[in-house]
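Input: a single structure, listed below in structure tokens.
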Amino acid sequence: MIIGCPREIKPQEFRVGLTPNAAREVIAHGHEVWIETGAGAGAGFDDAAYRDAGARMLETAREIFAGADMIVKVKEPQAAERAMLREGQVLFTYLHLAPDPEQTHDLLASGCTAIAYETVTDAQGGLPLLAPMSEVAGRLAPQVGAWTLQKANGGRGVLLGGVPGVGPARVAVIGGGVVGTHAARIAAGMGADVTVLDRSLPRMRYLDDVFGGLFSTRFASAGNTAELVAGADMVIGAVLIPGAAAPKLVSRAQLSTMKPGAVIVDVAIDQGGCFESSRATTHQDPIYEVDGIMHYCVANMPGAVARTSTIALGNATMPFMLALADKGWRQACRDDPHLLNGLNVHAGKLTYFAVGKALGMDVVSPAVAVRC
């Protein structure tokens, strides 16, 4: 199989779908790897490293898309990339289709087979290809939130950890999953007064047992959420429904209850965001203000630490990518129901039910699609 990796073209996206070590591994399995010139530069991997690994370097993305059997990326294909996809080609990347009808329609029209990192599962009920980036985004959230809280950036001018005689910032984290747990750990480590909101009692017990009071937990009822949002200096949105649009948990009207200059960090923005006032931003222009509340809603937060993120993602995607290459996508998905859960689009049909529900579109079972 020819595996192609183009340079990412989403604004301020510095990650790359394949590291030189990943390319070497794929080639050792008897496959070819085509890399677009300069694809790894943002993550600190030069073209020479790919050549040394045995990859073929091509000048343009068009050459990659025209000849590769499988395209491996990081971010969802942009409009120019979607126009180059073709029938029978496998696309393996993050998709986040639920809030993106335009991308969904383009992928269906292309006839490609699109497998989304974010909906591949594991035997423990987790999302192994989303988890590494969730860990990165969760750890980044307090860091970028603390920066946004600075007065020069429009924030309240509050130091996250306070100083002797001055109390710390109050941080509310909505969601106690991978993102929320890592965000709470880092915020608490920076000295903030942190509360995690979640609706799962077993999850809250787990957090209390493991972190021993490093941060507190509250049940995510509407009343508790409203109370904590109103009193917070920073609110981190860390809610995920796999493959589906994020629920809107804080309304525009609730912004008026918040402290002027308080900060919202919406890590769920890839899935549409969990604040009604959220809209996607970029690393180049990351924050905006609504009703006196600062919003940080960068849709590819892990791209800010591209080298760490690329290596972490590559570690997770490697076994699935090799299975797709070694067996072909159909047999790989037949053999692994968790990889089959990643199938979102095939041959003009939508194959992921949460996306179909979010977009009001018909869906074919992925098991049926594999047999087509």
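Here is a check on your reading of the model: is Ala141 of a type in the set (A, V, I, L, M, F, W, C), in a helix (DSSP H, G or I), in contact with a helix residue (DSSP H, G or I) (Cβ under 9 Å, 6 or more places away or on another chain) and outside the structural domain of Gly356 (by TED's automatic domain parsing)?
Working: of a type in the set (A, V, I, L, M, F, W, C): yes; in a helix (DSSP H, G or I): yes; in contact with a helix residue (DSSP H, G or I) (Cβ under 9 Å, 6 or more places away or on another chain): yes; outside the structural domain of Gly356 (by TED's automatic domain parsing): yes.
Taking the combined requirement at face value, the residue satisfies it.
With the structure loaded, tell me whether Gly342 is assigned by TED's automatic domain parsing to the domain that holds Gly155 and either over 20 Å from Leu108 (Cα atoms) or crowded, with 16+ Cβ neighbours inside 10 Å (or both) or whether it fails that test.
Working: assigned by TED's automatic domain parsing to the domain that holds Gly155: no; either over 20 Å from Leu108 (Cα atoms) or crowded, with 16+ Cβ neighbours inside 10 Å (or both): yes.
No, not satisfied.
In the range 191-214, how many are farther than 21 Å from Ile293 by Cβ and touching a residue at least 40 places away in the same chain (Cβ under 8 Å)? Working first, answer last.
So the first thing to find is which residues in the range 191-214 are farther than 21 Å from Ile293 by Cβ, and the list is 191, 198-214.
Filter once more, so that each one left must be touching a residue at least 40 places away in the same chain (Cβ under 8 Å): none.
Count: 0.
The conditions are (1) surrounded by fewer than 19 Cβ atoms within 10 Å (Cβ to Cβ); (2) in contact with an Asp or Glu (Cβ under 7 Å, 6 or more places away or on another chain); (3) farther than 19 Å from Thr281 by Cβ, and Leu214 fails exactly one of them. Which is it?
Condition not satisfied by Leu214: (2).
Does Val163 meet the test of being farther than 15 Å from Val267 by Cα, of a type in the set (A, V, I, L, M, F, W, C) and at pLDDT 95 or above? Break it down stepwise before answering.
On the way: farther than 15 Å from Val267 by Cα: yes; of a type in the set (A, V, I, L, M, F, W, C): yes; at pLDDT 95 or above: yes.
For Val163, the condition - farther than 15 Å from Val267 by Cα, of a type in the set (A, V, I, L, M, F, W, C) and at pLDDT 95 or above - is met.
Out of (1) in contact with a Gly (Cβ under 7 Å, 6 or more places away or on another chain); (2) over 30 Å from Gly342 (Cα atoms); (3) in a loop (DSSP other than H, G, I, E, B), what's the single condition that is false for Leu240?
(2)
Can you pull out every residue in the range 356-372 that is crowded, with 19+ Cβ neighbours inside 10 Å and touching a helix residue (DSSP H, G or I) at 6+ places or on another chain (Cβ under 7 Å)?
Pro366 - this is the single residue of the range 356-372 that is crowded, with 19+ Cβ neighbours inside 10 Å and touching a helix residue (DSSP H, G or I) at 6+ places or on another chain (Cβ under 7 Å).
Quick one: would you say Ala152 is touching a residue at least 24 places away in the same chain (Cβ under 8 Å), among the small types (Gly, Ala, Ser) and either surrounded by 22 or more Cβ atoms within 10 Å (Cβ to Cβ) or within 22 Å of Val298 (Cβ to Cβ) (or both)? Give the steps one after another, and end with the answer.
Values: touching a residue at least 24 places away in the same chain (Cβ under 8 Å): no; among the small types (Gly, Ala, Ser): yes; either surrounded by 22 or more Cβ atoms within 10 Å (Cβ to Cβ) or within 22 Å of Val298 (Cβ to Cβ) (or both): yes.
Taking the combined requirement at face value, the residue does not satisfy it.
Pull up the range 164-181, narrow it to residues that are in a helix (DSSP H, G or I) and crowded, with 23+ Cβ neighbours inside 10 Å, then point me to the one that is farthest from the chain's Cα centre (by Cα). Walk me through it before giving the result.
Filtering the range 164-181 down to residues in a helix (DSSP H, G or I) leaves 178-181.
Then drop every residue that is not crowded, with 23+ Cβ neighbours inside 10 Å, which leaves 179-181.
Working: Val179: 10, Gly180: 13, Thr181: 15 Å.
Selected residue: Thr181.
Of all the residues that make up the range 320-340, how many are within 15 Å of Ala123 (Cβ to Cβ) and either modelled with pLDDT under 95 or over 23 Å from the mean Cα position of the chain (by Cα) (or both)?
Residues that pass the stated criteria total 1.
Can you list the strands (runs of 3 or more DSSP E) found entirely within the range 260-333 that contain at least 1 residues being touching a helix residue (DSSP H, G or I) at 6+ places or on another chain (Cβ under 7 Å), over 28 Å from Arg24 (Cα atoms) and of a type in the set (Ser, Thr, Tyr)?
Working: elements: 263-266, 287-290, 293-296.
So the answer is 293-296.
The values are calculated or read from the model by the stated rules, or taken from the named source; none is laboratory data. Since this is a predicted model, take the numbers as computed values, not measurements. Methodologically, a virtual Cβ is constructed for each residue, glycine included, from the backbone with ideal geometry; neighbour enumeration extends over all protein chains shown.
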